[in-house]
Amino acid sequence: MSMRLTCSTPSFVACLVCAAALAVGPAIAAEGERAPQTVYQQRLPDGRIVFSDRPEPGAVTERNWSFVPDDPVQAAARREAARAEANEIHQRVQRAADYRQQLDNELEIERMRRAQALALLEAERERTARQLAEQTPPAVVIPGWHRPWLPGVRPAPRPPWEPRPWSAPAARPADKPASLNVPRR
């Protein structure tokens with residue numbers, strides 16, 4: 001059985017498609033036959049490229065591929081195994097994507113909870129600050145001569161001047177009476 005395919009532009013994909021078409025046709029026709037087959041890529045004098053299973057007269061052969069056609073039963077089994085593996089990989093990738101989406105959703109929920117807790121905390125701080133501002137500050141009473149003077153009451157006289165213990169003894173001021181001297185301790 002002879003097949004011929006003509007292409008005006010060469011490309012790798014076209015080569016593969018043509019080679020597959022040439023390989024599968026004779027393999028299906030002669031199921032029991034397992035002889036090696038050859039596919040030729042040839043350039044015609046007008047510049048067109050021809051893929052064929054036999055050399056063309058007057059054409060220049062640029063490439064050729066030799067192969068043994070697959071057994072259709074084995075090819076179908078490999079196809080089914082590849083399809084099952086692809087399906088398993090697809091399911092695994094889908095599970096990973098679903099798990100990632102679930103983690104993203106849980107993270108977003110936790111972010112929302114955190115934002116809500118921060119808002120509640122800020123509201124509680126503002127409420128506490130308002131309550132503290134509304135309360136009158138407590139009065140602090142310090143006993144002693146530091147309290148404010150009442151009208152008509154004179155403050156107690158200042159204690160007499162005492163020299164510092166580390167300095168030289170100073171002479172008593174002449175204008176102070178002797179009764180105001182405080183003995184040193």
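The values are calculated or read from the model by the stated rules, or taken from the named source; none is laboratory data. All values reported here derive from a predicted model rather than from experimental measurement. Ideal geometry is used to build each Cβ from the backbone, glycine not excepted, and the neighbour counts take in all protein chains shown. All accessible areas refer to the heavy atoms of the entire protein, side chains included, with ligands and DNA or RNA removed. Shrake-Rupley method; radii C 1.70, N 1.55, O 1.52, S 1.80 Å.
Taking the criterion of being among the small types (Gly, Ala, Ser), out of contact with any helix residue (DSSP H, G or I) (no Cβ under 9 Å at 6 or more places or on another chain) and assigned to a helix (DSSP H, G or I), the residues of the range 61-89 that qualify are 76, 77, 81, 82, 84, 86.
Take the conditions (1) over 28 Å from the mean Cα position of the chain (by Cα); (2) surrounded by 10 or more Cβ atoms within 10 Å (Cβ to Cβ); residue 45 misses just one of them, which is (2). Looking only at the range 67-89, count every residue that is within 40 Å of the chain's Cα centre (by Cα) and open to solvent by less than 90 Å² (accessible area, probe 1.4 Å) and tell me the total. Residues flagged as within 40 Å of the chain's Cα centre (by Cα) and open to solvent by less than 90 Å² (accessible area, probe 1.4 Å) within the range 67-89 amount to 6. With respect to residue 123, is the statement that it is assigned to a helix (DSSP H, G or I) and either modelled with pLDDT under 95 or surrounded by fewer than 10 Cβ atoms within 10 Å (Cβ to Cβ) (or both) true? Criteria not met by residue 123. A residue that is open to solvent by less than 80 Å² (accessible area, probe 1.4 Å), part of a helix (DSSP H, G or I) and more than 30 Å from residue 34 (Cα to Cα) occurs somewhere in the range 90-102.
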